[in-house]
Amino acid sequence: MNQQEGYADDVVKGFITWSMVWGLVAVLVGVLVSLQLAWPQLNLPPYLTYGRLRPIHTNAGIFGWGIGSFMAFFFYITQRLTRTPLWSPGLARFQLYLFNVVIALAAVTLALGMNRSKEYAELEWPVALLVVVLWVIFAVNIIMTIVKRKEEQMYISLWYILATLVGVAVLYLVNNAGIPVSLTKSYSAYAGANDANVQWWYGHNAVAMVLTTPPLAIFYYFLPKSTGVPIYSHRMGVIAFWSLIFMYLWTGAHHLLWTPVPDWVQTLAMAFSIMLIAPSWGAVFNGYFSMNGQWHQMRENYLVKFLIFGITFYGLQTLQGPSQAVRTFSAFIHYTDWVPGHVHMGTLGWVSLVLFAAIYYTVPRLYNTEIYSVKLVNLHFWLAVIGQLIFSITMWIAGVQQATMLHATNPDGSLHYSFMETLIELYPYWHGRALGGIIYLASMVIFLYNIIKTANGGRLASAPERA
Amino acid sequence: MLEKKPIILLLLATAVILVGTIVTMVAPFKWINDPKLQLAGVKPYTPLQLEGRDIYIREGCNNCHTQTVRPLLADVERYGEYSKVGEFVHDQPFLWGSRRTGPDLARIGGKYPNAWHYRHMEDPQSMVPRSNMPKYAFLKKQLDSRLTEKKMKALGFPYTHADLAALQGKTEMDAMVAYMQKLGNDIPWRKASQVTVTGDMKNPYQDDKTVIQEGKALYDKECAQCHGADLKGGVGPALADIDKPDAEVFKSIYAGIESGGMPAYGESLGKDRVWKLTTFIKYHQGK
Ligand code: HEM
Ligand code: HEM
């Protein structure tokens, strides 16, 4: 059926496969760094120390697993919503090669210590330049497909896709500006507090343009596809869209509360973070209201279960985030384990659950077959949710406990605990987090097994027909 | 209407994104670069310090350590004077970090003697048994200084050829320690906050054996790394045979001995616990 439309779906399969590979790498390295914090003997200097592995973990997670699968689904969704084959399948195939080369190069160069140190913009300039090429060819391909579309109306998912394409481009170019001194070393073009402010304008909007708008595009497309009923309100989606992309850009300095960046920038960031609750929950309500009369599907349809749990974690994430942006609360939990707790509810709960749903939906269709085992899908679901909750909850408790200890004073005003006294108390939580991570890793392995079996089953089933 | 016009939608989205960008990212350059915020004493990095900083970046120390002290009681008492905009003008990139798995390092310069850093970098657990900082013994290798001059030029930092020649024979560890000792020391905050000990200088626990246990526990945690588990010395002098009056021992611990590399413990431990430590040390005298 797909072939008849002439859709370029081989490249979608390719991106799905490779994003799953990098997703597994991200989770494996995540488990390794979580173990290193608990047992420092597991550091293997010089290449495999925590300081070098943590950026590999975040890059594999955000760029390998996140961006990789967004590329797959942007291609998939755009072709179907425009009823138009991809503008250039050849360019897309080249993009797949380049994508894998870039992610592999990223992992190797980071292990070698070639690192710009700015979070989520660590890659040294030659690799960053390849990222730019990758993004440009991706954007051109999608935009041209949309321009040449057969379906006149653009569904809300396409709006989010377009915003992602420009947003990431602007952010990446500005924050990566640098002064190269050799092929493997460069300095940031900005200094001190300026550099910090540019970095977190970028950093928080990487959350917006990579961990929010693409999964929302995917959510808005696959929820109606999975339930069989349309999205509750297109209008609400449109209003939420414009206010979301307007407000996000003001909030970067909530990562810099109480630092030397100007106070008014921090205050604006705090105010806009709180306002962001509205457009964020616009999407959540749109999801929930689309389920009116359909809640029984939560039991019967595993795709819906992934999507609705995903949007629920998004809803929690966008309440927790604004609270962290309030100065008084930030004074308390900033720099502690609380923040990794927040981060992983977003990445493991929201982003990954939505991606799992999209993969479960598309793979059987792309390979013209049925899912190999629904039992395993459900097992995957529960292990992933439990693993993620163990991770986040242990970290929230750890963060609050350490914050309380760090701020405790004696009657004479001196501090009650030394730094090390607060750190020692974290070990049990770090053990708990590692356990949560291992459970999540197990869920990933089950997921991959199920998908491989499904794809192989499809190939076998269709083989005789072709002959 | 926009539902049908992708290019207009794209341009409009770009414009919407740029509003917040201009106000909160572009405009602050003017505020941050205000000449009134410059601090006279803040010096660029020397070639050795810059190489140390680059190794700090290469090893990703910023994944565990922040470099900015917030104007909050818990930060200021634990780490020192809060950070000022003007102190970071030479930092390309900034290294404030986002996670304090380890303590803040913005004011680490001058906190410890060099010898402490060498031992700690090589094997943190030998100084702080339950630390989870990785061992960096591998930094004891020849420093590669081929790019140093180019780096200094790229950043516009002043240097002399003698500075560059002095890099010969230095190790990466030397560079790292030089960088650590520079951090936070451009403003004279240690002298400014030098605690003066006032009030009654009489030991409330004189010969009180019940506090020895607590004193020992404190000593093992805070002091043994430098003065040795048996008080026989190490980075710091032996304390076992100290024969100074209680008040003087108290003062050394409470206010520190800045010139000699003895940290001040008054702010973090408080008077009461410092007297207990004094009692413990004096109790050991001659044993
Ligand atoms: C179950 C698997 C995972 C485990 C065990 C894990 C573990 C960790 C650990 C230990 C850290 C460092 C926390 C700290 O600094 O104290 C971290 C940071 C991070 N991880 Fe993961 N991770 C996992 C999966 C993922 C995935 C799939 C993604 C992305 C899609 C991701 C994104 C991140 C990000 C963005 C950070 C940086 C957070 C910050 O700067 O506060 N992680 N992870
Ligand atoms: C309304 C929405 C949100 C707001 C206002 C918000 C706010 C915040 C704040 C204030 C921090 C800094 C915490 C600290 O260091 O003290 C933070 C960190 C973070 N948030 Fe959110 N958040 C939101 C949604 C999300 C979503 C949906 C994700 C998706 C995964 C996410 C991912 C992250 C990540 C990765 C970090 C860590 C950055 C780092 O320190 O490296 N956030 N968020």
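Rundown of residues vs (1) more than 25 Å from A:F241 (Cβ to Cβ); (2) over 25 Å from the mean Cα position of the chain (by Cα); (3) surrounded by 19 or more Cβ atoms within 10 Å (Cβ to Cβ), yes/no style:
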residue	(1), (2), (3)
A:L130	yes, no, no
A:M144	no, yes, no
A:L158	no, no, yes
A:A193	yes, yes, yes
A:T212	no, no, yes
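Quick test of your reading of the structure: A:A240 fulfils all but one of (1) assigned to a helix (DSSP H, G or I); (2) open to solvent by 40 Å² or more (accessible area, probe 1.4 Å). Name the failing condition by number.
Every condition holds for A:A240 apart from (2).
Only one of A:G287, A:G293 is within 27 Å of A:G68 (Cα to Cα) and either away from ligand 1 (no atom under 16 Å from the Cβ) or assigned to a helix (DSSP H, G or I) (or both); which?
Values: A:G293 fails: within 27 Å of A:G68 (Cα to Cα).
Result of the check over A:G287, A:G293: A:G287.
Conditions: (1) part of a loop (DSSP other than H, G, I, E, B); (2) of a type in the set (D, E, K, R); (3) buried (at least 21 other Cβ atoms within 10 Å of the Cβ); (4) in contact (Cβ under 8 Å) with a residue 40 or more places away in the chain. B:E51 meets all but one. Number of the miss?
Going through (1) part of a loop (DSSP other than H, G, I, E, B); (2) of a type in the set (D, E, K, R); (3) buried (at least 21 other Cβ atoms within 10 Å of the Cβ); (4) in contact (Cβ under 8 Å) with a residue 40 or more places away in the chain one by one, B:E51 breaks only (1).
Consider A:S226 against the criteria (1) more than 11 Å from chain B (Cβ to nearest Cβ); (2) among the polar types (S, T, N, Q); (3) not in a helix (DSSP H, G or I): it satisfies all of them except one. Which criterion is unmet?
(3)
Please work out which one of (1) farther than 20 Å from A:S188 by Cβ; (2) open to solvent by less than 20 Å² (accessible area, probe 1.4 Å) is the condition A:V140 fails and give its number.
Only one criterion in (1) farther than 20 Å from A:S188 by Cβ; (2) open to solvent by less than 20 Å² (accessible area, probe 1.4 Å) is unmet by A:V140, namely (2).
For (1) among the aliphatic types (A, V, I, L, M); (2) buried (at least 18 other Cβ atoms within 10 Å of the Cβ), each residue gets a yes or a no:
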position	(1), (2)
A:S373	no, no
A:N378	no, no
A:L383	yes, yes
A:I386	yes, no
A:G413	no, no
A:E425	no, no
A:P428	no, no
A:L435	yes, no
A:I438	yes, no
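Considering only residues that are under 17 Å from A:I156 (Cα atoms) and in a loop (DSSP other than H, G, I, E, B), look in segment B:1-34 and name the one that is least open to solvent (accessible area, probe 1.4 Å).
That would be B:K5.
Within the bounds of segment A:86-100, is there any residue that is touching a helix residue (DSSP H, G or I) at 6+ places or on another chain (Cβ under 9 Å) and within 30 Å of B:W96 (Cα to Cα)?
For segment A:86-100, residues touching a helix residue (DSSP H, G or I) at 6+ places or on another chain (Cβ under 9 Å) and within 30 Å of B:W96 (Cα to Cα): absent.
Going through segment B:184-210 one residue at a time, which ones are part of a loop (DSSP other than H, G, I, E, B), in contact with a helix residue (DSSP H, G or I) (Cβ under 9 Å, 6 or more places away or on another chain) and not β-branched (V, I, T)?
Correct list: B:G184, B:D186, B:Q194, B:G199, B:M201, B:K202, B:N203, B:P204, B:Y205, B:Q206, B:D207, B:D208.
Pick out the one residue from A:E152, A:E122 that is within 30 Å of A:M345 (Cα to Cα) and touching a Lys or Arg at 6+ places or on another chain (Cβ under 8 Å).
Exactly one residue qualifies, and that residue is A:E122.
Of everything in segment B:63-83, what is in a loop (DSSP other than H, G, I, E, B) and within 15 Å of the chain's Cα centre (by Cα)? Give them in sequence order.
Within segment B:63-83, B:C64, B:H65, B:T66, B:Q67, B:T68, B:V69, B:R70, B:G80, B:E81, B:Y82, B:S83 qualify.
Pairs please, first residue from segment A:281-310 and outside the structural domain of A:K375 (by TED's automatic domain parsing), second anywhere and at pLDDT below 95, Cβ atoms under 7 Å, 6+ apart in sequence or on different chains.
That search, which allows pairs on different chains as well, returns nothing.
Collect the residues in segment A:52-105 that are within 16 Å of ligand 2 (Cβ to nearest atom) and within 14 Å of chain B (Cβ to nearest Cβ), keeping them in residue-number order.
Within segment A:52-105, A:L53, A:R54, A:P55, A:I56, A:H57, A:T58, A:N59 qualify.
Please give the number of the condition B:Q213 fails out of (1) loosely packed, with under 12 Cβ neighbours inside 10 Å; (2) in contact with a helix residue (DSSP H, G or I) (Cβ under 7 Å, 6 or more places away or on another chain).
Status for B:Q213: all satisfied but (2).
Whether any residue in segment B:38-48 is assigned to a helix (DSSP H, G or I), basic (K, R) and more than 10 Å from chain A (Cβ to nearest Cβ) is what I want to check.
no
Which of the residues spanning segment A:272-296 are of a type in the set (S, T, N, Q) and surrounded by fewer than 19 Cβ atoms within 10 Å (Cβ to Cβ)?
A:N292, A:Q294
Any chance segment B:278-285 includes a residue that's within 14 Å of chain A (Cβ to nearest Cβ), buried (at least 22 other Cβ atoms within 10 Å of the Cβ) and either free of Cβ contacts under 8 Å to residues at least 40 places away in the same chain or among the aliphatic types (A, V, I, L, M) (or both)?
Within segment B:278-285, not a single residue is within 14 Å of chain A (Cβ to nearest Cβ), buried (at least 22 other Cβ atoms within 10 Å of the Cβ) and either free of Cβ contacts under 8 Å to residues at least 40 places away in the same chain or among the aliphatic types (A, V, I, L, M) (or both).
Considering segment A:254-265 alone, what residues qualify as being surrounded by 20 or more Cβ atoms within 10 Å (Cβ to Cβ) and either more than 8 Å from every other protein chain (Cβ to nearest Cβ) or within 16 Å of ligand 1 (Cβ to nearest atom) (or both)?
Across segment A:254-265, the qualifying residues are A:H254, A:H255, A:L256, A:L257, A:T259.
The values are calculated or read from the model by the stated rules, or taken from the named source; none is laboratory data. Just so we're clear, the structure is a prediction, and the values are computed from it rather than from any experiment. Reconstructed Cβ throughout: ideal geometry from the backbone, glycine too, with neighbour counts over all protein chains shown. All accessible areas refer to the heavy atoms of the entire protein, side chains included, with ligands and DNA or RNA removed. Shrake-Rupley method; radii C 1.70, N 1.55, O 1.52, S 1.80 Å.
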